[in-house]
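A quick write-up on the structure given underneath.
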Amino acid sequence: MSKLIAGNWKMSCFGADAIDLAEGIRDAVAANDEILDGADLLVCPPYLYIGIVQTVLGPESGVFVGGQDCALSENGAHTGDISAEMLVDAGCNYVILGHSERRQNHKESDALIAKKTARAYAEGLNVILCVGETEAQRDAGKAEEVVGAQIDAADFDGADYDKITIAYEPVWAIGTGKTASPDDVKAMHGFIRGKLQEKLAYGAEIRILYGGSVKPDNAESLLSLPNVGGALIGGASLNAESFMAIAKAAHKIEEQEYAAE
Ligand code: 13P
């Protein structure tokens, strides 16, 4: 499967920035559409701007649009929430769930994330489930235990290889400029792959993204590691040029792998 290059815009832009960014990505993809052969591109704007981003990146752009979260419930009396069906109605194909910023800032538990995951599958959304350890957990030698428990608590019941993506985002690498070392990424992605294969017949095919300070200058080395099926990008996805440079790195690796087959 192609690598998934996903931009998580978090709460980091206004409407005019979202339009500029979407236009920059649309134009760069139109000028280099071979990139889409080796990379699926996804942007996840704040809810408020999904509509305007969709007006720029319609289906013909080849760039997917997703949400950064969704509600636990179906449409109804839930003030302030946005449902999975609303994301679908707005043209989204993907939703990020269980991001560490939601786990920390909104006290989201594994159980709650599993319920949201079920809602997202029910609406046909592709789920990007984020997992990852804090620095203290890694220092205590508990990184695999923590990530393993997050995967054990995940809901795979309505999933398939192309409906669930795991994003390994070590919390200490998010927005810090620190990335996990290639050996650590290799080890953790191998561990996650093993767990998925234990649990699911299609566990070998699920994409496992790496996230945490992915930038154009480290993208190629991270994306070429075994079991790295793409990247979930925060800061560097807020600039069309750097987002596209990461997408180009994914395309180059896919081309090399294809040539080697
Ligand atoms: P940065 O790329 O800014 O470290 O953010 C990563 C992230 O949290 C993506 O979801």
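Determine whether segment 227-238 contains at least one residue that is in contact with a Lys or Arg (Cβ under 7 Å, 6 or more places away or on another chain) and more than 14 Å from the ligand (Cβ to nearest atom).
Step one: list which residues in segment 227-238 are in contact with a Lys or Arg (Cβ under 7 Å, 6 or more places away or on another chain), which gives 227, 229-230, 234, 236.
Those still in the list that are more than 14 Å from the ligand (Cβ to nearest atom) too: 227, 229.
Yes; the residues of segment 227-238 include at least one that is in contact with a Lys or Arg (Cβ under 7 Å, 6 or more places away or on another chain) and more than 14 Å from the ligand (Cβ to nearest atom).
Being under 16 Å from Ala136 (Cα atoms) and either at pLDDT 95 or above or more than 8 Å from the ligand (Cβ to nearest atom) (or both) is the filter here, so list the residues in segment 175-189 that pass it.
Initial filter on segment 175-189 (under 16 Å from Ala136 (Cα atoms)): 176, 178-180, 184.
Passing the criteria: Lys178, Thr179, Ala180, Asp184.
Please go through segment 86-113 and give me each residue that is open to solvent by 50 Å² or more (accessible area, probe 1.4 Å), within 16 Å of the ligand (Cβ to nearest atom) and more than 17 Å from the chain's Cα centre (by Cα), ordered by number.
Within segment 86-113, Gln104, Asn105, His106 qualify.
Quick one: is Asp20 open to solvent by 70 Å² or more (accessible area, probe 1.4 Å), within 28 Å of Glu101 (Cα to Cα) and assigned to a helix (DSSP H, G or I)?
yes
Yes/no per residue for (1) assigned to a strand (DSSP E or B); (2) in contact (Cβ under 8 Å) with a residue 12 or more places away in the chain; (3) open to solvent by less than 60 Å² (accessible area, probe 1.4 Å):
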position	(1), (2), (3)
Lys115	no, yes, no
Ala136	no, no, no
Gly148	no, yes, yes
Ala154	no, yes, yes
Tyr161	no, yes, no
Thr165	yes, yes, yes
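Taking Ile208 as meeting all but one of (1) touching a strand residue (DSSP E or B) at 6+ places or on another chain (Cβ under 6 Å); (2) closer than 18 Å to Gln68 by Cα; (3) within 13 Å of the ligand (Cβ to nearest atom), write down the number of the exception.
Answer for Ile208: the failing condition is (3).
I'd like the full set of residues that are assigned to a loop (DSSP other than H, G, I, E, B) and open to solvent by less than 10 Å² (accessible area, probe 1.4 Å), limited to segment 59-70.
Once the filter is applied, which keeps residues that are assigned to a loop (DSSP other than H, G, I, E, B) and open to solvent by less than 10 Å² (accessible area, probe 1.4 Å), segment 59-70 yields only Cys70.
State which residue is surrounded by the fewest Cβ atoms within 10 Å (Cβ to Cβ) when the search covers only segment 176-227 and only residues that are closer than 16 Å to Gly148 by Cα and of a type in the set (Lys, Arg).
Going through the qualifying residues, I end up with Lys199.
Is there any pair with a first residue in segment 1-28 that is within 30 Å of Glu205 (Cα to Cα) and among the small types (Gly, Ala, Ser) and a second that is open to solvent by 10 Å² or more (accessible area, probe 1.4 Å) and part of a loop (DSSP other than H, G, I, E, B) whose Cβ atoms are under 7 Å apart and which are 6 or more apart or on different chains, and what are they?
none
Every residue in segment 242-257 that is surrounded by fewer than 16 Cβ atoms within 10 Å (Cβ to Cβ) and either without any contact (Cβ under 8 Å) to a residue 60 or more places away in the chain or within 15 Å of the ligand (Cβ to nearest atom) (or both), please.
Gln256, Glu257
Are there any helices (runs of 4 or more DSSP H) wholly within segment 173-261 with 2 or more residues that are within 27 Å of Asp160 (Cβ to Cβ) and small (Gly, Ala, Ser), and if so which?
182-199, 240-260
Among the listed residues Ala136, Ala167, which satisfies the condition of being at pLDDT 95 or above and away from the ligand (no atom under 16 Å from the Cβ)?
Working: Ala167 fails: away from the ligand (no atom under 16 Å from the Cβ).
None of the others qualify; the one that does is Ala136.
The values are calculated or read from the model by the stated rules, or taken from the named source; none is laboratory data. Everything quoted here is computed from the prediction, not taken from an experiment. No Cβ is skipped: glycine too gets one built from the backbone with ideal geometry, and neighbour counts run over all protein chains shown. Only protein heavy atoms, including side chains, enter the accessible area calculation; ligands, DNA and RNA are left aside. Shrake-Rupley method; radii C 1.70, N 1.55, O 1.52, S 1.80 Å.
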